[in-house]
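> Mind looking over this structure? Questions follow.
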Amino acid sequence: MAAFTNQATLSYNRGTTTSNVVTGELVEVLSASKTAVTDSYEPGGKITYIVSVVNSGTTGYTGLTLTDNLGSYTVGTSTFVPLDYVDGSLHYYIGGTEQAAPAVNAGPPLTVTGISVPAVGNAVIVYEAKVNGTAPLTAESEIVNTAELSGGGITPITVTDTVNVSAEPRLTISKAICPSTVVENGQVTYTFVIQNSGNIAAVAADGITVTDTFDPVLNDIAVALDGTALALTTDYTYDTATGAFATVPGRITVPAATFAQNAGTGEYTVTPGVAVLTVTGTV
């Protein structure tokens, strides 16, 4: 919508005079909005977008085109697109009833052509986009997605939605044994590597605990975290009868990952934060 002003001038032989200024407002009969179903994204995840178009006028519109930049952003002189349209995901509704899907070009940019909006009615376009390797992953990053509705004789309408990166630890664990072949009463070491590919550290409040049951049971165990010895009861528990082992919740913390972007391709490389737990004993 836009405001406008108007003022009249009266001229006669003795001079001129002006009227008061009147103000009016021009209201567009076509409006649009864009909303993401989720408020955060993660690597390789999907975002569902809903574009709603409302026609408050008495004349229908046809031949409209929706153009979506799929979150395009610029770094220096390079432009990267962090989202990929998910093929076949688009659904198109008029007045709540699903219609045959209009023509879709995955782009980028994504274009949807042949959209109609009836008089005093609405149209809704729903589609998915997948987060690709150029999406920023550092804490407080975001994807700003902009779409434009044009064609059909209308003034182009721009709609925008912002989705923030998920801020959380993303943990995995792997286990190794050395040596893999051990004689009776021999010594063996189990190594647990805990990796965090998330953009924030896993802290004590996250309550990380590693549990295992060693079979055969280990005797005279020594436990270390990142090379520092841990103490029985204070840092871990161990049942010598059953082999049940557990670290005290919150004793293990794991730093956040670091992220580096390739200046040419825009792809991010993730270097996980790591914590290493070792348990050594005799069998």
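The values are calculated or read from the model by the stated rules, or taken from the named source; none is laboratory data. Every value quoted in this text rests on a predicted model; they were computed, and no experiment measured them. All Cβ positions, even for glycine, are placed from backbone atoms using ideal geometry, and neighbour counts span all protein chains on display.
> Being of a type in the set (G, A, S) and farther than 20 Å from A123 by Cβ is the filter here, so list the residues in segment 55-89 that pass it. First the steps, then the outcome.
Just the residues of segment 55-89 that are of a type in the set (G, A, S), to begin with: 56-57, 60, 63, 71-72, 76, 78, 88-89.
Listed by number, the residues that qualify are G71, S72, G76, S78.
> Sort through V270, V274, V283 and tell me the only one that's surrounded by fewer than 19 Cβ atoms within 10 Å (Cβ to Cβ), out of contact with any Leu (no Cβ under 6 Å at 6 or more places or on another chain) and at pLDDT below 95.
The conditions single out V283.
> Given the condition within 22 Å of the chain's Cα centre (by Cα), within 17 Å of L30 (Cα to Cα) and among the β-branched types (V, I, T), answer yes or no: does some residue in segment 97-116 qualify? Talk me through it step by step, then tell me what you get.
Going residue by residue through segment 97-116, those that are within 22 Å of the chain's Cα centre (by Cα) are 106-111.
Still in the running and within 17 Å of L30 (Cα to Cα): none.
No, segment 97-116 contains no residue that is within 22 Å of the chain's Cα centre (by Cα), within 17 Å of L30 (Cα to Cα) and among the β-branched types (V, I, T).
> Go over the candidates I154, I115 one by one and state the one that is in a strand (DSSP E or B) and of a type in the set (A, V, I, L, M, F, W, C).
Numbers: I154 fails: in a strand (DSSP E or B).
Answer to the selection: I115.
> Then there is this: Would you check if T158 is within 27 Å of the chain's Cα centre (by Cα), surrounded by fewer than 15 Cβ atoms within 10 Å (Cβ to Cβ), among the polar types (S, T, N, Q) and at pLDDT 95 or above? Walk me through it before giving the result.
On the way: within 27 Å of the chain's Cα centre (by Cα): yes; surrounded by fewer than 15 Cβ atoms within 10 Å (Cβ to Cβ): yes; among the polar types (S, T, N, Q): yes; at pLDDT 95 or above: yes.
Spelling it out, T158 is indeed within 27 Å of the chain's Cα centre (by Cα), surrounded by fewer than 15 Cβ atoms within 10 Å (Cβ to Cβ), among the polar types (S, T, N, Q) and at pLDDT 95 or above.
> Ok, one more. Which of the residues that make up segment 228-248 are part of a loop (DSSP other than H, G, I, E, B) and surrounded by 12 or more Cβ atoms within 10 Å (Cβ to Cβ)? Can you show your working first?
Taking segment 228-248 first, the residues part of a loop (DSSP other than H, G, I, E, B) are 230-231, 233-235, 239-243, 248.
Once the filter is applied, which keeps residues that are part of a loop (DSSP other than H, G, I, E, B) and surrounded by 12 or more Cβ atoms within 10 Å (Cβ to Cβ), segment 228-248 yields L230, D235, D239, T240, G243, V248.
Conditions tested, residue by residue: (1) under 20 Å from E42 (Cα atoms); (2) free of Cβ contacts under 8 Å to residues at least 24 places away in the same chain; (3) touching a helix residue (DSSP H, G or I) at 6+ places or on another chain (Cβ under 6 Å).
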{"position": "A201", "(1), (2), (3)": "yes, no, no"}
{"position": "T234", "(1), (2), (3)": "no, yes, no"}
{"position": "D239", "(1), (2), (3)": "no, yes, no"}
{"position": "V248", "(1), (2), (3)": "no, no, no"}
{"position": "N262", "(1), (2), (3)": "yes, yes, no"}
{"position": "T278", "(1), (2), (3)": "no, no, no"}
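> Now for a separate question. Looking at P216, P169, which is the one that is surrounded by 17 or more Cβ atoms within 10 Å (Cβ to Cβ), in a loop (DSSP other than H, G, I, E, B) and not aliphatic (A, V, I, L, M)?
Values: P216 fails: surrounded by 17 or more Cβ atoms within 10 Å (Cβ to Cβ).
None of the other options fit; the residue is P169.
> Still on this model: Select, from V29, V53, V81, the only residue that is assigned by TED's automatic domain parsing to the domain that holds A139, surrounded by 13 or more Cβ atoms within 10 Å (Cβ to Cβ), modelled with pLDDT of 95 or more and over 18 Å from P109 (Cα atoms).
V53
> For segment 25-109, list the strands (runs of 3 or more DSSP E) that sit wholly inside it and hold at least 2 residues that are without any contact (Cβ under 8 Å) to a residue 24 or more places away in the chain and farther than 30 Å from E168 by Cα; which are they? Can you show your working first?
Numbers: elements: 30-36, 46-55, 61-68, 73-75, 78-80, 83-85, 91-94, 97-99, 103-105.
Ranges flagged: 97-99, 103-105.
> Here's another thing I want to ask about it. For A263, which of the numbered conditions (1) within 19 Å of T138 (Cβ to Cβ); (2) in contact with a strand residue (DSSP E or B) (Cβ under 6 Å, 6 or more places away or on another chain); (3) not β-branched (V, I, T) fails to hold?
Among (1) within 19 Å of T138 (Cβ to Cβ); (2) in contact with a strand residue (DSSP E or B) (Cβ under 6 Å, 6 or more places away or on another chain); (3) not β-branched (V, I, T), A263 violates only (2).
> Tell me, yes or no, whether segment 125-134 has at least one residue that is in a loop (DSSP other than H, G, I, E, B) and loosely packed, with under 14 Cβ neighbours inside 10 Å.
Applying the first criterion (in a loop (DSSP other than H, G, I, E, B)) to segment 125-134 yields 132-134.
Applying the additional criterion that residues be loosely packed, with under 14 Cβ neighbours inside 10 Å yields none.
Looking for residues that are in a loop (DSSP other than H, G, I, E, B) and loosely packed, with under 14 Cβ neighbours inside 10 Å, one finds none in segment 125-134, hence no.
> Among what's in segment 56-78 and is under 21 Å from the mean Cα position of the chain (by Cα) and surrounded by 15 or more Cβ atoms within 10 Å (Cβ to Cβ), pick the residue that is nearest to S166 (Cα to Cα). Lay out the reasoning, then the answer.
Of all residues in segment 56-78, those under 21 Å from the mean Cα position of the chain (by Cα) come to 67-75.
From what is left, the residues that are surrounded by 15 or more Cβ atoms within 10 Å (Cβ to Cβ) are 67-73.
Numbers: T67: 26, D68: 22, N69: 21, L70: 18, G71: 16, S72: 19, Y73: 19 Å.
Ranking the qualifying residues of segment 56-78, first place goes to G71.
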